1. Given (1) more than 26 Å from residue 97 (Cβ to Cβ); (2) assigned by TED's automatic domain parsing to the domain that holds residue 86, identify the lone condition not met by residue 286.
2. Working only within the stretch 428-477, note down all residues that are aliphatic (A, V, I, L, M) and over 23 Å from residue 342 (Cβ atoms).
3. All but one of (1) within 27 Å of residue 284 (Cα to Cα); (2) among the polar types (S, T, N, Q); (3) touching a residue at least 12 places away in the same chain (Cβ under 8 Å) hold for residue 91; which doesn't?
4. Across the stretch 476-506, what is the number of residues that are in a loop (DSSP other than H, G, I, E, B), under 25 Å from the mean Cα position of the chain (by Cα) and either without any contact (Cβ under 8 Å) to a residue 60 or more places away in the chain or more than 21 Å from residue 265 (Cα to Cα) (or both)?
5. Working only within the stretch 512-533, note down all residues that are more than 36 Å from the chain's Cα centre (by Cα) and in a loop (DSSP other than H, G, I, E, B).
6. Looking at 104, 63 in this structure, which one is touching a helix residue (DSSP H, G or I) at 6+ places or on another chain (Cβ under 6 Å), surrounded by 14 or more Cβ atoms within 10 Å (Cβ to Cβ) and either outside the structural domain of residue 256 (by TED's automatic domain parsing) or closer than 26 Å to residue 269 by Cβ (or both)?
7. I'm trying to understand the selection: among the residues of the stretch 304-339, which are aliphatic (A, V, I, L, M) and surrounded by fewer than 15 Cβ atoms within 10 Å (Cβ to Cβ)?
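The values are calculated or read from the model by the stated rules, or taken from the named source; none is laboratory data. Please read these numbers as outputs of a predicted model, since none were measured by experiment. Neighbour counts run over all protein chains shown; Cβ positions are idealised from the backbone, glycine included.
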Amino acid sequence: MNGWSLLTIVQLLFFGMGAYYFFTKSKKKQLGDGFSMDENLKQMEELEDMKQRKLTEPLAEQTRPRNLTEIIGQEKAIKALRAALCGPNPQHILMYGPPGVGKTAAARLILEEAKKKAESPFSKKAKFVEIDATTLQFDERNIADPLMGSVHDPIYQGAGAFGQMGVPQPRAGAICEAHGGVLFIDEIGELHPVQMNKLLKVLEDRIARFQSSYYNRGNKNIPPYIHEIFQKGIPADFRLIGATTRNPSDLPPALRSRCTEIFFEGLDEKAVERIARNSLNRGGLPYEEGLCEKIACYAHGGRDTVNIIQSLTSLAAMEGNRKITFADLDWVAETGRYQPILRRKVSKKARIGVVNGMAVQGGGSGALLAIEANVQKSAKGLLTVTGIVEEEEIRSRQRSSRRKSNARSSAENVLTVLERYGFEKDAYQVHINFPGGTPVDGPSAGIAMFLAVYSAFTGVPIDGEIALTGEIGLLGQVLPVGGVADKLAAAVDAGVNRAFIPKENWRETFTKLGISVEPIDHVDDLLEQVFRKVENRVVVEEKDILTAQERTLC
């Protein structure tokens with residue numbers, strides 16, 4: 001009995017020594033082997049000293065919107081964002097738009113608004129977790145993934161005391177940090193495909209799951225909470241808000257199908273002027289009258305505006321807080337290589353073979369394009385189209401191919417339709433040009449090209465204050481196109497009085513734009529409406545169309 005008691009005492013002694021060994025090793029790992037408390041105090045002092053040294057708040061921080069009324073030029077997008085996020089069932093959201101227009105600020109402010117709603121599922125503690133997809137670290141071995149989370153396996157550096165015991169440790173990522181709130185991913189289109197697919201699975205399951213070949217359900221050394229994580233996962237119930245400067249077609253359809261899509265507009269002159277005025281006023285220095293209007297000639301968005309004003313205020317302050325002048329702006333524009341923005345305004349003069357086409361730029365904003373046409377009698381027919389994308393590349397996971405651009409195909413359709421009006425393809429050389437240096441693609445310039453060539457063929461001038469968009473079919477039908485609302489907004493800014501759009505694109509809201517928006521479904525309707533008598537304009541009936549040999553100016 002005494003011998004059995006002695007054996008028990010020896011076993012307890014060895015167990016205590018082992019426990020003490022693991023305890024001391026764990027403490028050393030926490031502070032680092034050989035790391036003294038004196039060194040720790042020294043580093044803490046340096047850290048506190050760094051916290052005390054601060055620079056002045058940058059102007060970009062000072063001018064960041066503090067409420068939704070300070071986000072300029074995005075009323076429609078903010079209303080849509082509020083509808084998607086502030087109700088009892090908030091949605092996942094994708095936001096499109098150029099940089100510097102307020103996407104991040106709007107999302108952050110509207111979450112705060114949603115948290116105050118009694119019917120909202122967001123609590124007062126709901127977080128706004130912001131990450132940038134362009135800087136997210138990703139490792140296919142799952143060693144580090146700040147978005148989805150990772151597992152520190154025993155063989156990897158940083159596994160800690162549990163690693164010595166052979167225990168894998170799950171580390172939650174941003175999706176778990178955002179649980180109960182919003183996960184905002186800037187430039188979401190840049191996510192690694194593997195991360196994107198994992199994110200889609202989390203959006204469905206609302207659980208973050210972890211795997212490790214070192215996890216063993218029967219290992220009693222593994223703490224119960226780690227068993228719980230490996231077997232059931234970590235809750236990740238959040239609302240995703242993804243922001244991107246890409247086009248919707250560049251994002252995976254599986255992601256788009258799970259989200260409400262909201263579009264932020266590029267800033268027009270008036271919006272840039274308001275941002276400039278607000279920023280200058282916050283800077284506290286006087287400035288010459290009309291300076292904000294001139295700044296709008298150089299700034300493409302909010303960030304450009306703030307950067308220009310930061311340089312202006314710094315220059316004036318350096319020279320004694322004097323008044324900011326136009327000469328200062330000229331100097332900043334020159335040194336910063338800011339190029340004047342050419343905002344096209346339509347001409348009131350009617351011209352032969354020249355028409356305004358409505359288009360959408362790469363960032364999704366509308367634009368007005370001049371389209372020129374020249375028709376000459378020739379022994380051999382020839383079509384020349386300049387200023388377009390001649391070919392476009394179509395890529396898929398299996399293969400890539402090249403095809404003639406839609407703009408070129410539309411120009412060929414135009415000549416076919418013109419044969420209904422006395423035109424002969426083999427008897428004329430037709431040159432269509434898109435001046436301005438920006439390659440054009442897409443079928444929406446079809447009816448604009450038709451009207452330009454028709455004018456050049458008949459010699460009938462076109463009112464300079466009209467604009468058009470629409471695809472043209474081989475039978476002369478006007479087919480629907482995309483981006484009509486953006487195109488009309490650009491037409492209004494350019495001074496257009498009348499705009500012609502496909503009948504299928506018509507919306508009642510277009511009546512509130514302040515211009516005449518006229519729906520058409522066939523080129524016959526287009527010709528009748530463009531050339532009918534309005535004030536002193538000339539009527540051209542089909543029976544009065546002049547042949548090329550008889551053409552004269554009307």
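1. Every listed condition holds for residue 286 apart from (2).
2. 430, 447, 451, 453, 456, 460, 472, 474, 475
3. Result: residue 91 fails condition (1) only.
4. Going through the stretch 476-506 one residue at a time, the tally reaches 2.
5. Correct list: 532, 533.
6. Step by step, each of 104, 63 is checked, and only 63 is touching a helix residue (DSSP H, G or I) at 6+ places or on another chain (Cβ under 6 Å), surrounded by 14 or more Cβ atoms within 10 Å (Cβ to Cβ) and either outside the structural domain of residue 256 (by TED's automatic domain parsing) or closer than 26 Å to residue 269 by Cβ (or both).
7. Within the stretch 304-339, 317, 318, 327 meet the criteria.
Yes or no, residue by residue, for (1) among the aliphatic types (A, V, I, L, M); (2) over 29 Å from residue 95 (Cα atoms):
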{"position": "192", "(1), (2)": "no, no"}
{"position": "207", "(1), (2)": "yes, no"}
{"position": "216", "(1), (2)": "no, yes"}
{"position": "224", "(1), (2)": "no, yes"}
{"position": "246", "(1), (2)": "no, no"}
{"position": "258", "(1), (2)": "no, no"}
